[in-house]
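Report on one structure; see the data block that follows.
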Amino acid sequence: MLSEWQRHKTQLRRYIQKRVNDIDMVDDILQEVYIKASTNLHQLKSRGSLKGWLYRIAHNTIMDFYRQRQPYEELPVDLIEEEADQGEQAVQELAECLRPLFEELPDKYREPLQMAELEGISQQAIADKLGLSLSGVKSRVQRGRAKFREQLLECCDIEVSRNGITGFTPRNPKQTTCKRSD
């Protein structure tokens, strides 16, 4: 391996120099390429592909170098806490908005949906408790979700982020809840 390395070392160094703007890091990256190549020599399929294999290792090592150097700014701690507080408040307000919508659902959809979504009961247990078939409960839960979604979208504009619901606005500003007005 050492003789093969000596044959490709100069070319690899030039390859790295063209891609890394920190001249002090070129030799460090080259050394890391050698270490990776010598420890993973067993992965090399054939001696004929050694040069391409070394260049692939060099490329990946250069990418690792740039990933580690990405600048970042630390976020202020109070920013995260403030966002969490706003999110919790929005969820509480939305829960108050949703309560009347649940009550508007027909009993045959509301009861299985509440048990499944709010109480966390399995659909099989709901079927047993209500004396229905499992497929009947699944159907009622799905239809209940669809009806609930329709009601919700009729009355509220909802803001959603990666962290969940961050806010909502009733479509009718005079409404204090999202109760349907029909």
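Structure data summary
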{"item": "Per-region count, the stretch 1-24, residues part of a loop (DSSP other than H, G, I, E, B) and either surrounded by 15 or more Cβ atoms within 10 Å (Cβ to Cβ) or aliphatic (A, V, I, L, M) (or both)", "result": "2"}
{"item": "Given (1) hydrophobic (A, V, I, L, M, F, W, C); (2) exposed (fewer than 12 other Cβ atoms within 10 Å of the Cβ); (3) at pLDDT 90 or above, number of the condition Leu30 does not satisfy", "result": "(2)"}
{"item": "Index of the failed condition, Thr39 passing every other in (1) loosely packed, with under 14 Cβ neighbours inside 10 Å; (2) more than 28 Å from the chain's Cα centre (by Cα); (3) modelled with pLDDT under 85; (4) more than 27 Å from Ser161 (Cβ to Cβ)", "result": "(3)"}
{"item": "The stretch 14-36: number of residues that are over 35 Å from the mean Cα position of the chain (by Cα) and more than 20 Å from Arg69 (Cα to Cα)", "result": "2"}
{"item": "Subset of the stretch 105-160 [touching a residue at least 40 places away in the same chain (Cβ under 8 Å) and of a type in the set (S, T, N, Q)]", "result": "Gln151"}
{"item": "Number of the exception - Leu132 against (1) at pLDDT 85 or above; (2) of a type outside the set (Val, Ile, Thr); (3) part of a loop (DSSP other than H, G, I, E, B); (4) loosely packed, with under 14 Cβ neighbours inside 10 Å", "result": "(4)"}
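The values are calculated or read from the model by the stated rules, or taken from the named source; none is laboratory data. What you are looking at is a predicted structure, and each value in this text was computed from that prediction instead of being measured. Here the Cβ is made from the backbone with ideal geometry for all residues, glycine too, and neighbour counts use every protein chain on show.
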